[in-house]
1. Name the residues whose placed amide hydrogens come within less than 5 Å of the amide hydrogen of Ile121, ignoring near sequence neighbours (fewer than 5 apart) on the same chain.
2. Excluding residues on the same chain fewer than 8 positions from Lys70, give the lysines whose Cα lies under 20 Å from its Cα.
3. What number results when the radius of gyration of region 88-226, computed over Cα atoms, is divided by 2.2 N^0.38 Å?
4. Just how much of Glu366 is accessible, in Å², when a 1.4 Å probe is used and the result is rounded to the nearest 10?
5. With Kirkwood's inverse mean 1/r over C-alpha pairs for Rh, give me the Rg to Rh ratio of region 105-169, two decimals please.
6. Would you report the distance distribution of C-alpha pairs in region 16-372 as whole percents per 10 angstrom bin, up to the bin with the largest distance?
7. State the percentage of accessible surface on region 16-372 attributable to carbon and sulfur atoms; use a 1.4 Å probe and exclude ligands, DNA and RNA.
8. Applying 1/(1 + (r/R0)^6) with R0 = 30 Å to the Cβ-Cβ distance of Asn386 and Leu215, what FRET efficiency is obtained, to the nearest 0.05?
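The values are calculated or read from the model by the stated rules, or taken from the named source; none is laboratory data. A quick note: this is a predicted structure, and the numbers were derived from the prediction, not measured. Don't worry about glycine lacking a Cβ; one is built from the backbone with ideal geometry, like all the others, and counts go over all protein chains shown. With ligands, DNA and RNA removed, areas are computed over all heavy atoms of the protein, side chains included. Shrake-Rupley method; radii C 1.70, N 1.55, O 1.52, S 1.80 Å.
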Amino acid sequence: MSWHPEYRSSKFRHVYGKAASKEKCYDCVPITHNVHDNHFCAVNPHFIAVVTECAGGGAFLVIPIHQTGKLDPHYPKICGHKGNVLDIKWNPFNDFVIASCSEDTTVKIWDIPKHLLTRNITSPKKELLGHVRRVGLIEWHPTANNILFSSGYDYKIMVWNLDTKEAVISNPVKILDAHKDVVLSMSFNTDGSLLATACRDRKIRLIDPRSGTVLQVGSYKSHRVNKVFFLGNMKKLFSTGTSRWNNRQIALWDENDLSVPLLEEDLDGSSGVLFPFYDSDTHMLYVVGKGDGNIRYYEISPEKPYLNYLMEYRSHLPQKGIGMMPKRGLEVSACEIFRFYKLIPTKNLIEPVSMIVPRRSESYQEDIYPLTTGAQPALTAQEWLNGINKGPLLVSLRPGSGAVNSLPQFLEPEPLLKTTDMSQNQGWGGRMPLGNMEKPSETEDSRKQLKVEEELPKNEQMCFSDGFDIFGCPPPRTENELLQMFYRQQEEIRRLRELVNQKDVQIKQMELELRNLCTDTGSY
């Protein structure tokens with residue numbers, strides 16, 4: 001079975017979970033008592049949002065991520081819903097925008113101020129009206145900006161385009177009417193071209209999110225699915241549910257064949273739902289049980305046995321919900337590869353749990369931090385609606401690094417050589433203007449530059465070939481985007497100056513060698 005491997009070499013075999021100290025937890029947080037099977041928590045590098053108890057409607061708290069310790073009982077809430085809040089999700093491309101859905105059949109979009117909240121927020125930025133029954137799930141599109149999916153108890157999934165000026169949107173751009181019961185889970189593949197759903201009718205559906213066409217339906221009698229999740233670019237789906245004997249169960253499916261699971265395994269006899277989380281950078285899968293304090297984690301491989309058990313984080317404090325920090329918010333100096341935020345309602349506590357790779361060195365560990373999804377959208381909403389698919393824009397987690405192309409493996413070598421003439425192109429972000437073609441008289445200089453480029457470390461080449469492209473990014477629309485672009489440009493200019501200085505040193509060395517050679521020749 002997956003938890004009895006003979007021997008496997010893996011850099012993640014010894015990953016362990018480390019709970020935060022009492023001072024770094026969030027105490028006295030009135031966590032919701034709702035029995036809905038959702039995370040009830042959303043996290044980004046600036047804030048942690050958690051659904052809370054509120055009289056006379058639904059509310060949630062937004063707490064600055066560094067404001068740990070005891071929470072003021074009169075701390076302001078976001079309380080514009082008339083029914084219980086069932087799900088909250090941060091915009092992946094704007095850390096100050098959050099979506100919420102509720103039993104009052106609405107979806108609301110909120111702007112969170114950058115300063116500390118001083119009063120309750122009751123007026124949303126946008127209100128989405130379309131569902132006729134309560135809305136239980138919301139999901140942002142992973143690569144397109146301002147595209148939101150919502151699922152309600154009217155069995156419909158609605159696609160919303162938020163790139164409009166209207167404060168109240170009543171007409172979704174698409175309604176996916178493919179389900180005959182309540183949708184329990186939604187998940188996108190990496191570029192957002194496929195949507196997987198788990199339904200209360202025990203079926204897994206693979207849907208084209210633009211047309212609403214059902215591409216595949218998976219129904220397996222011995223596996224009653226609750227949650228389904230795309231495993232990145234592995235072309236596989238992972239689901240959690242129960243067996244016919246009501247044991248908690250996990251299953252792995254081939255994306256192209258949902259008739260029979262590739263793997264099926266019973267875990268235990270508990271009754272709480274299992275929440276799956278997948279890290280496509282490390283190929284690690286985390287399974288978090290609702291109602292218990294355990295977090296099981298596995299490593300996914302493309303070949304059999306597919307699922308390799310690593311270890312289990314155990315705690316006596318049961319979690320009601322769980323939040324996950326995006327990779328760009330992790331502490332890379334501590335070799336932290338994942339971070340959970342456990343909601344513990346018995347103690348009114350939110351406890352961060354870090355998954356750490358034990359390393360002695362405090363330097364940046366490039367092998368456990370490959371390029372990861374950044375905070376810039378790859379597409380506009382209209383581009384995605386027009387049928388364009390594009391993978392996420394990737395960033396390096398190395399301190400001081402900027403965004404790179406979403407498909408670095410397809411970069412051609414020609415721009416790399418052109419970027420070496422930095423004395424003429426400091427204002428172009430590492431790209432030559434089209435008019436500056438190489439002249440025949442510069443052939444010898446370019447050969448020297450090629451030699452210098454070959455002598456540079458490999459990571460420096462990647463740094464410049466993947467540098468900030470002022471032409472490839474859309475113009476900034478918000479203050480946050482403008483600041484990010486400014487910092488990336490400053491970082492690129494600093495790198496180009498370093499390269500120019502290195503070339504100046506090389507030129508001086510070559511001049512000195514030439515002078516010595518002339519002197520030696522003259523002496524003979």
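1. Counting only residues 5 or more places away or on other chains, the set is Lys77, Ile78, Cys79.
2. Counting by Cα, and skipping residues close in sequence, Lys70 has these lysines nearby: Lys22, Lys24, Lys320, Lys342, Lys347.
3. On the way: Rg = 15.6 Å, N = 139, 2.2 N^0.38 = 14.3 Å.
Dividing the Cα Rg of region 88-226 by 2.2 N^0.38 Å gives 1.09.
4. 100 Å²
5. Working: Rg = 13.0 Å, Rh = 13.0 Å.
In region 105-169, Rg relative to Rh is 1.00.
6. All Cα pairs considered, the percentages come to 5, 25, 35, 26, 8, 0.
7. Numbers: 6900 of 14190 Å².
Ligands and nucleic acids excluded, carbon and sulfur reach 49 percent.
8. Numbers: r = 20 Å, r/R0 = 0.67.
In this case the efficiency is close to 0.90.
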